[in-house]
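Accompanying notes for the structure given below.
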Amino acid sequence: MSERVRVIEHGIVLIDLSGIIEPDKELHHSEHARKVIARYPLGQALVLTDVSGSNMSEASIDALKKLAAHNKPFVKASALVGLSPLTRIVFRAVIALTRRDIRAFATRNEAIAYLHSRREGEVPPLMPASEA
């Protein structure tokens, strides 16, 4: 596993895309994440994606759409942190296109708590749209 794609506490797969300045040079992380998540039994992976402080390009957005679509059968729950107002719009489109339930959180700790609760079978209420 790489530093950017790794398993952290509670068996959560962290896709750490934070601080990426030149996204087209980092596209390989999506492929690595796809391979890691595909090793999980169907419907069992817990995924946390962090895009804090990252730039996006058309190619990186396309790679993330493909990753989200590919991972759908393997993922039990998915969380996202680090959204700016612009990336929030982009990720809403990704979520709509892939029909994934990906929850947005302000911090990694909030996202990890949500994912941990999903592992235990509890489902917290959806965040109001104004906070998502």
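The values are calculated or read from the model by the stated rules, or taken from the named source; none is laboratory data. Everything numeric in this text was worked out from a predicted model, so none of it was measured. Every residue, glycine among them, receives a Cβ derived from its backbone with ideal geometry; neighbour counts consider all protein chains shown.
Side notes on the structure shown:
- Verdict on Ser52 being crowded, with 17+ Cβ neighbours inside 10 Å and touching a residue at least 12 places away in the same chain (Cβ under 8 Å): no
- Pair list, Cβ under 9 Å, 6 or more apart: the range 63-74 residue crowded, with 18+ Cβ neighbours inside 10 Å, other residue assigned to a helix (DSSP H, G or I) and among the acidic types (Asp, Glu): Ala63/Glu31; Leu67/Glu31
- Tallying residues that are touching a residue at least 24 places away in the same chain (Cβ under 8 Å) and more than 16 Å from Leu48 (Cβ to Cβ) within the range 21-30 yields 6.
- Among the residues of the range 1-22, those that are out of contact with any Leu (no Cβ under 6 Å at 6 or more places or on another chain) and crowded, with 20+ Cβ neighbours inside 10 Å comprise Val5, Val13, Ile15, Asp16, Leu17, Ile20.
- Test set (1) more than 19 Å from His29 (Cα to Cα); (2) surrounded by 20 or more Cβ atoms within 10 Å (Cβ to Cβ); (3) of a type in the set (A, V, I, L, M); (4) modelled with pLDDT under 90 - Ala96 fails condition number: (2)
- Residue within the range 34-41 that is of a type in the set (Ser, Thr, Tyr), surrounded by 14 or more Cβ atoms within 10 Å (Cβ to Cβ), without any contact (Cβ under 8 Å) to a residue 60 or more places away in the chain and under 24 Å from Ala106 (Cβ atoms) present: no
- The range 70-97, residues that are of a type in the set (D, E, K, R) and either farther than 16 Å from Ile112 by Cα or more than 13 Å from the chain's Cα centre (by Cα) (or both): Lys72, Arg88, Arg92
- Count - residues of the range 26-70 that are of a type in the set (A, V, I, L, M) and within 16 Å of Val94 (Cα to Cα): 11
- Yes/no for Arg39 being over 22 Å from Glu3 (Cα atoms) and either out of contact with any Cys (no Cβ under 7 Å at 6 or more places or on another chain) or modelled with pLDDT under 85 (or both): no
- Selection from the range 1-20 of residues that are farther than 16 Å from Ser52 by Cα and of a type outside the set (Lys, Arg): Met1, Ser2, Val7, Ile8, Glu9, His10, Gly11, Ile12, Val13
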